[in-house]
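**Student:** Before anything else, here's the structure in question.
Throughout, read-outs are computed from the coordinates displayed, never taken from laboratory work. What you see is a predicted model; the values in this text were computed from it and never measured. All Cβ positions, glycine included, derive from the backbone under ideal geometry; neighbour counts span all protein chains shown.
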Amino acid sequence: MASDKNERMTRILPIAHMDEPILKQRASPVDLGVEYNAIKQLIDDMQTTLYHQEARVGLAAPQVFVSKRVVIFRIPQKIHPRYATEAHQEIPLTALINPTITPLSAIKVDGYEACISIPGFIGVVPRYQSIEYSYQDLNGDFHTMQAHGFHARIIQHECDHLNGILYPDKIEDMTTFISEKK
Ligand code: NI
């Protein structure tokens with residue numbers, strides 16, 4: 001097969017499911033000065049992997065067997081009806097490197113979550129309604145954003161993956177942890 005050096009190859013990465021030890025580990029910080037090429041490829045591959053998953057909005061590196069502090073997320077215009085209870089703004093695919101979260105108030109709200117690592121299930125998780133989050137982009141530049149509602153929920157869910165936490169760990173009412181109806 002002919003190869004084109006200008007055409008970067010991406011691939012759909014294998015997904016770590018709930019019982020994989022890597023999902024219970026704290027992921028390592030990224031040093032872009034050393035790891036730029038590997039992290040760039042990782043983000044490209046994570047994007048391809050996320051787009052392969054219908055109606056999914058986020059993915060963390062440990063979910064593709066890479067224990068690094070990298071997450072990607074997007075908020076499409078049309079989101080799954082389970083999330084449509086909260087107003088949302090469209091956000092294009094964004095990669096967060098070494099993200100950190102600060103709650104803006106103690107108020108938490110309940111909402112359904114799902115996870116690519118836990119196929120077939122959903123559950124109600126309390127999350128901070130409003131947060132501030134900071135991260136680096138691939139160029140190493142720092143950004144700080146505020147997020148509310150569904151946006152804040154996604155960031156909290158994905159960043160939990162970097163600390164070895166899965167959403168069922170934070171479900172308070174286990175009767176809400178149910179099979180996902182298509
Ligand atoms: Ni997840």
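**Student:** Could you check how many percent of all C-alpha pairs in the stretch 42-97 are farther apart than 15 Å? Show your work: numbers first, answer last.
**Tutor:** On the way: 716 of 1540 pairs.
Value for the stretch 42-97: 46 percent of Cα pairs lie more than 15 Å apart.
**Student:** Ignoring everything except DSSP H segments at least 4 long, calculate the 222 nm mean residue ellipticity for the chain; use -39,500 (n - 2.57) per segment, divide by total residues, nearest 500. Can you show the working numbers first?
**Tutor:** Values: 2 runs with 34 residues, N = 182.
-6500 deg cm²/dmol, from helical runs alone.
**Student:** Quickly work out the Q89-to-D169 label distance, labels modelled 7 Å from Cα along the C-beta direction, and quote it in nm with one decimal.
**Tutor:** 3.1
**Student:** If you don't mind, there's one more thing I want to ask. Would you work out the charge dipole size for the chain about its Cα centre, treating the Cβ of every Lys and Arg as +1 and the Cβ of every Asp and Glu as -1, and quote it to the nearest 20 debye?
**Tutor:** Details: 18 positive and 22 negative charges, 38 e Å.
Result for the chain is approximately 180 debye, rounded to the nearest 20.
**Student:** In addition: Please list log₁₀ I(q)/I(0) at q = 0.18 Å⁻¹ for the stretch 1-147, using the Debye equation with identical point scatterers on the alpha-carbon positions.
**Tutor:** -1.29
**Student:** Please report the orientation-averaged projected area of the stretch 84-135, defined via the convex hull of its C-alpha atoms, in nm². Please list the in-between numbers first.
**Tutor:** Numbers: hull surface 19.3 nm².
Averaging across all directions leaves 4.8 nm² for the Cα convex hull.
**Student:** Within the chain, what's the longest stretch lacking GluC sites (Glu not before Pro) that sit in DSSP loops with no more than 14 other Cβ atoms inside 10 Å?
**Tutor:** Numbers: sites that count: E7, E54, E90, E172, E180.
With a cap of 14 other Cβ atoms within 10 Å, the longest stretch comes to 91-171.
**Student:** I want the local charge near Q136. Using Cβ-Cβ distances under 11 Å, sum +1 for each Lys or Arg and -1 for each Asp or Glu among the other residues.
**Tutor:** Details: positive: R69; negative: D31, D137, D141.
Taking every other residue near Q136 into account, the sum is -2.
**Student:** If the cut-off is 24 Å between C-alpha atoms, which lysines fall inside it for K181, apart from same-chain ones fewer than 8 positions away?
**Tutor:** Qualifying lysines at Cα under 24 Å: K78, K170.
**Student:** Could you please rank T175, T49, T102, T94, placing first whichever residue has the fewest other Cβ atoms within 10 Å of its Cβ?
**Tutor:** Details: T175 8, T49 21, T102 11, T94 16.
Ascending Cβ contact count within 10 Å gives the list T175, T102, T94, T49.
**Student:** Where does the charge balance sit around L32 when Lys and Arg score +1, Asp and Glu -1, over other residues with C-beta under 12 Å from its C-beta? Display every interim value, and only then the final one.
**Tutor:** Working: positive: K40, K68, R69; negative: D31, E35, D137, D141.
My count for the surroundings of L32 gives -1.
**Student:** Ratio to report: Rg/Rh of the stretch 1-71, with Cα atoms as the point set and Rh obtained by the Kirkwood method; give two decimals.
**Tutor:** Details: Rg = 13.3 Å, Rh = 13.2 Å.
Looking at the stretch 1-71, the ratio lands at 1.01.
**Student:** Sticking with this structure for a sec: State the answer as a single residue: which of L32, M18, P126 lies farthest towards the positive end of the charge dipole of the chain, with beta carbon charges of +1 for Lys and Arg and -1 for Asp and Glu, about the Cα centre.
**Tutor:** So the residue we want is M18.
**Student:** Which three extents, in angstrom, do the Cα atoms of the stretch 89-182 have along their principal axes, listed largest first?
**Tutor:** In descending order, the Cα extents are 42, 27, 27 Å.
**Student:** So which aspartates and glutamates can K68 reach, going by Cα to Cα under 17 Å and dropping same-chain residues fewer than 8 places off?
**Tutor:** Within the straight-line limit of under 17 Å, K68 reaches these aspartates and glutamates: E20, D31, E35, D44, D45, D137, E158, D160.
**Student:** Given a Förster distance of 22 angstrom, what is the FRET efficiency for N139 paired with R82, based on the Cβ-Cβ distance and rounded to 0.05? Numbers along the way, then the final one.
**Tutor:** Working: r = 35 Å, r/R0 = 1.59.
For N139 and R82, the calculated efficiency is 0.05.
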